[in-house]
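Before any comments, here is the structure.
Bear in mind these aren't lab numbers, they're just calculated from the coordinates by the rules spelled out. Nothing here was measured: the structure is a model prediction, and the numbers come from that model. No Cβ is skipped: glycine too gets one built from the backbone with ideal geometry, and neighbour counts run over all protein chains shown.
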Amino acid sequence: MDERIQKYDAKMTKTIANLEAEFATIRAGRANPRILDKIVVDYYGSPTPLQQVANINVPEARMIQIQPWESSMIKTIEKAILTSDLGLNPSNDGKIIRLVLPELTEERRKELVKDVKKKGEAAKVAVRNIRRDANDALKKLGKTDVSEDEIKELEDKVQKMTDKYVKEVDKMIDVKSKEILTV
């Protein structure tokens, strides 16, 4: 691949990776510890990801168990979960926090699918913005000693790259939507 457009391919790849991470935090019926990835707790005055202050596991299909390394962190972790947008009610026995994931209603599944599509659309916009940046940079090359044919060829490559990533985003949206709608 031409090194003049390689950095734009890397940016598009990052956009796809970000979308994958976003999708991992959307729950689809089964318990997945990744839904807790965005939760940050106050650990002695510094914001710390939940995974760094507790052990997280999935003992059953619809339950997540969080075992803090310090029992003094239980209240802080509970508070962080309650203030998050997960909509889950933690329960604890003094040592372990349990999150029971309720069965998703049809309505909630449809909301989640809408959310998935919105995030996918945002990723497509990001990919297209990267394409625009690449084309602008290529047009600036045209003012130097690069031939118009060469610039046209590079623009075509950027367009093919964009199409490839947009297709990938569509595929990811379909897969995640099916996963959510599967009861």
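Run down the lysines and flag those whose C-alpha is under 17 Å from the C-alpha of Lys124, throwing out any fewer than 8 positions away in its chain.
The reachable lysines, counting only those whose Cα sits under 17 Å from Lys124, are Lys11, Lys14, Lys114, Lys160, Lys164, Lys167, Lys171, Lys176.
Whose amide H sits under 5 Å from the amide H of Met63, counting only residues 5 or more places off or on another chain, with H placed in the peptide plane?
So Met63 has HN proximity to Ala31, Leu101.
How big is Rg to Rh over segment 1-47, alpha-carbon atoms, Rh as the Kirkwood inverse-mean-distance radius?
1.23
Hey, got the Cα dimensions of the chain along the principal axes, in Å, largest first?
Extents along the principal axes, in whole Å: 71, 40, 22.
Tell me, what HN-Hα J-couplings in whole Hz come from the Karplus equation 6.51 cos²θ - 1.76 cosθ + 1.60 at θ = phi - 60° for each residue of segment 6-12, using x for Gly and Pro?
Going residue by residue, I get 4, 5, 6, 5, 4, 5, 5 Hz, with x marking Gly and Pro.
How large is ³J(HN,Hα) for each residue in segment 52-69, as worked out from phi by the Karplus curve 6.51 cos²θ - 1.76 cosθ + 1.60 (θ = phi - 60°), to whole Hz, x for Gly and Pro?
Per residue, the Karplus-derived 3J(HN,Hα) values read 8, 10, 8, 8, 10, 9, 10, x, 9, 4, 10, 9, 10, 10, 10, 10, x, 6 Hz.
What do you get for the angle between helix 148-181 and the principal long axis of the chain? Use alpha-carbon atoms, 0 to 90 degrees, nearest ten.
20
With viscosity set to 0.692 mPa s at 37 °C, what whole-number translational diffusion coefficient in µm²/s follows for segment 98-170 from Stokes-Einstein and a Kirkwood radius over Cα pairs?
Roughly 218 µm²/s, to the nearest whole number.
Under 5 Å between amide hydrogens, which residues at least 5 positions from Tyr43 or on another chain qualify, with H placed 1.01 Å from N in the peptide plane?
Counting only residues 5 or more places away or on other chains, the set is Thr48.
What is the list of residues in segment 157-183 whose amide nitrogen lies under 19 Å from a point 7 angstrom out from the Cα of Glu20, following Cα to Cβ?
Counting backbone N atoms under 19 Å from the label point, the list is 161-180.
Using only the alpha-carbon atoms, what does segment 53-145 span along each of its principal axes? Please give whole angstrom values in decreasing order.
Answer, in whole Å and largest first: 71, 36, 23 Å.
What are the lysines whose alpha-carbon lies under 25 Å from the alpha-carbon of Lys75, with same-chain residues fewer than 8 places away excluded?
Here the lysines satisfying the reach criterion relative to Lys75 are Lys38, Lys95.
Return the long-range amide H neighbours of Ala54 (sequence gap of 5 or more, or a different chain), with a cut-off of under 5 Å between placed amide H atoms.
Those qualifying (amide H under 5 Å, at least 5 residues apart or on another chain) are Trp69.
Return one number: the angle in degrees, 0 to 90 and rounded to the nearest 10, between the long axis of the Cα atoms of helix 106-142 and the longest principal axis of the Cα atoms of the chain.
In the chain, helix 106-142 runs at an angle near 30 degrees to the longest axis.
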